[in-house]
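Visitor: Please find one structure pasted underneath; my questions will follow.
The values are calculated or read from the model by the stated rules, or taken from the named source; none is laboratory data. This one's a predicted model, so the numbers in the text were calculated from it and none came from an experiment. Heads up, the Cβs are rebuilt from the backbone with ideal geometry, glycines too, and the neighbour counts pull from every protein chain shown.
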Amino acid sequence: MSTVIPKPYSHFISWSQAQTMIALYQTNRESILAPEYQGRDILAFSELFNVAAFVALVNVPGCAAVRVYYGMDDNLLVHAILVAVDSQGNDIVSASNPAATFESGGNPPVVEEGQRCPPNC
């Protein structure tokens, strides 16, 4: 996925606009799923990440942005997956040496494992 990061670009909206969007999503989140997937909390209301996860991402050399992917675990629950992105819009990730951690000089971090709401609201 390669897209040049536009500059300047404002990502800010009012809290009122955010509340309206959040309420609309929460009202409709089950109805956008096929009937056999409804009632299983497949789509979370939110996910909570520690600030250290964001600091690790923005400290990746060359990081100009953060991309949020959506993935699904074996229980069919949707999760946010965050990766650092360079100024050309390329993900800064590595499949080599997956056992190495970014903190020990290894791969750039890929952030997941957020606290899902529900159940942790």
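Visitor: Can you name every one of the strands (runs of 3 or more DSSP E) wholly within region 41-92 that holds 2 or more residues which are touching an Asp or Glu at 6+ places or on another chain (Cβ under 8 Å)?
Guide: Counting at least 2 such residues, we get 65-72, 78-85.
Visitor: Let me ask another. If VAL58 satisfies all but one of (1) assigned by TED's automatic domain parsing to the domain that holds VAL110; (2) closer than 18 Å to GLN115 by Cα, what's the number of the condition it fails?
Guide: Exception for VAL58: condition (2).
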